[in-house]
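For reference, the structure is listed below as structure tokens.
Please treat every number below as a calculation from the coordinates, not as lab data. Values in this document were obtained by computation on a predicted structure and should not be read as measured data. Reconstructed Cβ throughout: ideal geometry from the backbone, glycine too, with neighbour counts over all protein chains shown.
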Amino acid sequence: MKYRLPKYEDINILKEYVEEHYSNYERSISASKGMTNMKFKEWVDKINRNVENADDEWGKYYLYLVFNENDRLIGLLNIRFDLTDELRERYGDIGFGVRPSERRKGYATEMLKYALNVCREKNMKYAILGCYENNFGSNKTIQKNSGILYKNDCEERKLSDEWTINLKCNYYKIKL
Ligand SMILES: CC(C)(COP(=O)(O)OP(=O)(O)OC[C@H]1O[C@@H](n2cnc3c(N)ncnc32)[C@H](O)[C@@H]1OP(=O)(O)O)[C@@H](O)C(=O)NCCC(=O)NCCS
């Protein structure tokens, strides 16, 4: 698999990636760091900038487009290697998503393995990963990469002025 930062020329493959999620009734694009809420070029600039220059919210991070052996974009991988301890506990160090048509082929397992190696290169001693309790695919992917469950928590999510819901999260630690 190939991992690289996004460029301006990726606009069409990313549009197609987003469309595929929407046509599968998925309205959020995991690990995309606000891609669909920004002008595309500004998003690309920001993602490339934040490798070296800390973002106010997320510090420095990598957001990689992930391609398979046929050069098809199969997922997005976000490695946040610069968070404070408090933010690590809240958001986790790694986020990932695989496009609906490419799921259950082992890609997320490979992507997480790759991300853990990047964390090792950054001299991190452990990685924290959080996921919703009912996200079977994500829980399994983390467990397959030696994730040890260490905490359950509830995330409050504000849907509108009137609606706030609580979602149950699992938090895992992986020794590096
Ligand atoms: C979660 C997600 C990343 C998994 O990606 P994937 O490429 O399908 O995962 P893998 O193929 O590597 O599967 C890993 C394991 O999970 C299992 N799995 C994957 N999806 C599953 C599902 N929906 N239900 C039950 N098990 C599932 C696989 O069978 C595999 O276990 P096995 O090797 O014992 O068979 C993908 O479903 C996705 O992008 N979902 C939406 C975004 C998301 O939830 N991201 C994670 C945020 S924390």
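Could you list, in sequence order, all residues of the range 106-119 that are assigned to a helix (DSSP H, G or I) and either within 24 Å of PHE136 (Cβ to Cβ) or in contact (Cβ under 8 Å) with a residue 40 or more places away in the chain (or both)? Can you show your working first?
Step one: list which residues in the range 106-119 are assigned to a helix (DSSP H, G or I), which gives 107-119.
Hits for the range 106-119 are TYR107, ALA108, THR109, GLU110, MET111, LEU112, LYS113, TYR114, ALA115, LEU116, VAL118, CYS119.
Between a first residue in the range 136-151 that is small (Gly, Ala, Ser) and a second residue that is away from the ligand (no atom under 11 Å from the Cβ), which pairs have beta carbons less than 6 Å apart while being 6 or more apart in sequence or on different chains?
SER146/ILE174; GLY147/ILE174
Would you mind stating whether GLU26 is of a type in the set (Asp, Glu), surrounded by 14 or more Cβ atoms within 10 Å (Cβ to Cβ) and assigned to a loop (DSSP other than H, G, I, E, B)?
Yes.
For GLU133, which of the numbered conditions (1) within 12 Å of the ligand (Cβ to nearest atom); (2) out of contact with any strand residue (DSSP E or B) (no Cβ under 6 Å at 6 or more places or on another chain) fails to hold?
(2)
Considering only residues of the range 94-105 that are more than 7 Å from the ligand (Cβ to nearest atom) and assigned to a helix (DSSP H, G or I), which is farthest from ASP82 (Cα to Cα)?
Here the answer is SER101.
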